[in-house]
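Remarks on the structure that follows.
The values are calculated or read from the model by the stated rules, or taken from the named source; none is laboratory data. Note that the structure is a prediction, hence the values are computed from the model and not measured. Just the protein is used for accessible areas: all its heavy atoms, side chains included, with ligands, DNA and RNA removed. Shrake-Rupley method; radii C 1.70, N 1.55, O 1.52, S 1.80 Å.
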Amino acid sequence: MIKKMDASIHKEDIEKLEIVLLLEGVYRHYGYDFRNYSFQSIRRRIMNRMQGERVNSILGLLDKVLHERSAMDRLFADFSINVTEMFREPSFFLAFRRKIVPLLRSLPAIRIWHAGCSTGEEVYSMAILLHEEGLYHKSMLYATDMNEEVLHRAAGRMFPIKRMQLYTRNYLHAGGEKAFSEYYSVNDNGVEFKPYLSENMMFSQHNLAIDHSFNEFHVIICRNVLIYFNETLQRRVLQLFNESLVRSGYLGLGNKEGLLRAHANSFEEMDSKEKIFRKRVEPADHQILNPRG
């Protein structure tokens, strides 16, 4: 029994080592850094790709992706998380509409970063929300993802018609009061959202694992992305967001995500259920804002 347990543990250790070698090889050869992604999440995707490539070992997959760019592209697609929908988790958008929008009204211009935007459904959701609140004309939405292919799709404003029933339901639960169909037209390729919704959007490639801040933002939305990272990478990304927010800027995370202890003092909760936070003002900033206090 002990020998069998030892053999099992040894096998797991070997597998972990092989995964480490695969991720290190991908990083060194292609520059894609998945080394601090959640181990179980990345392992599942590796196993799926092994079946797809018809290789019998992780090292066999490493050999193939190092010598075949097309195999690397397929692995990259597997690693890239592209699960999204319009007004996903509508209660978040309803809370944003009720609690954050009133605080944005006085700003002369609004900059919002959607980090890990995937195919763009949540970015268009925000554009619709801001349009209905009369704020879109002075807003700029920066939508980033590490995957150029999904960014290209997002910029095209095209979505499957079969998802419109779900999206309409989400929109109504998020506080929408118009006919959702006003925002798109139907053609042979599916649904195309109105051009004015993307007028104040900018799509660009950005990798949260390795890239740095590129602007100051009033709002950062990064929902259901951190759950795929280990604590080391979560800490890096939360620090990046902290540095990228203006004083008293707002951060929206997924409902299964939260702040690490190291960042808890940098933010205050605006909505504990919907995971909306506000960046705390440093003591020095209080002196600037209230010189007499």
Between Tyr37 and residues 5 or more places away or on another chain, which pairs have amide H atoms under 5 Å apart, with H built 1.01 Å from N, and which residues are they? Asn230
Could you tell me how many degrees, from 0 to 90 and to the nearest 10, lie between the Cα long axis of helix 231-244 and the main elongation axis, the longest principal axis, of the Cα atoms of the chain? 30 degrees
Once both axes come from the Cα atoms, what is the angle between helix 164-173 and the longest principal axis of the chain, in degrees from 0 to 90, rounded to 10? 50 degrees
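When N is the residue count of the range 162-293, what does its C-alpha Rg come to as a fraction of 2.2 N^0.38 Å? Walk me through the numbers on the way to the answer.
Details: Rg = 18.6 Å, N = 132, 2.2 N^0.38 = 14.1 Å.
Dividing the Cα radius of gyration by 2.2 N^0.38 Å gives 1.32.
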Based solely on its DSSP helices, what 222 nm [θ] is calculated for the chain when runs of n ≥ 4 H residues each add -39,500 (n - 2.57) and the sum is averaged over all residues, nearest 500 deg cm²/dmol? -13000 deg cm²/dmol
Checking the a/c ratio against 1.5 first, then a/b against b/c, what shape does the Cα gyration tensor give for the range 1-135? prolate
If ligands, DNA and RNA are left out, what is the accessible area of Val219 with a 1.4 Å probe, given in Å² to the nearest 10? 0 Å²
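Of the heavy-atom accessible surface of the chain (probe 1.4 angstrom), what whole percent is carbon and sulfur? Spell out each step's value before the answer.
Details: 7510 of 15310 Å².
Answer for the chain is 49 percent, counting heavy atoms of protein chains only.
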Computed accessible area, Ser91, all protein chains, 1.4 angstrom probe, square angstrom: 50 Å²
Can you compute 3J(HN,Hα) from phi for each residue in the range 85-96, using the Karplus curve 6.51 cos²θ - 1.76 cosθ + 1.60 with θ = phi - 60°, rounded to whole Hz and x for Gly and Pro? 6, 6, 6, 4, 6, x, 4, 5, 5, 5, 5, 4
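Share of antiparallel DSSP beta bridges in the range 160-293, in percent to the nearest 5?
Working: 11 of 16 bridges.
Percent antiparallel among DSSP bridges in the range 160-293 is about 70.
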What is the angle, in °, between the Cα long axis of helix 121-132 and the longest principal axis of the Cα atoms in the chain? Nearest 10 is fine, range 0 to 90. 0 degrees
Taking the DSSP beta bridges in the chain as the whole, what percent of them are antiparallel, to the nearest 5? 40 percent
Cα-based Lys proximity count in the chain, under 24 Å, for pairs eight or more positions apart or on separate chains: 20
For the range 93-166 and the range 252-280, what is the separation of their Cα centres, given in Å? 20 Å
For the chain: accessible area per residue (Å², 1.4 Å): 52 Å²
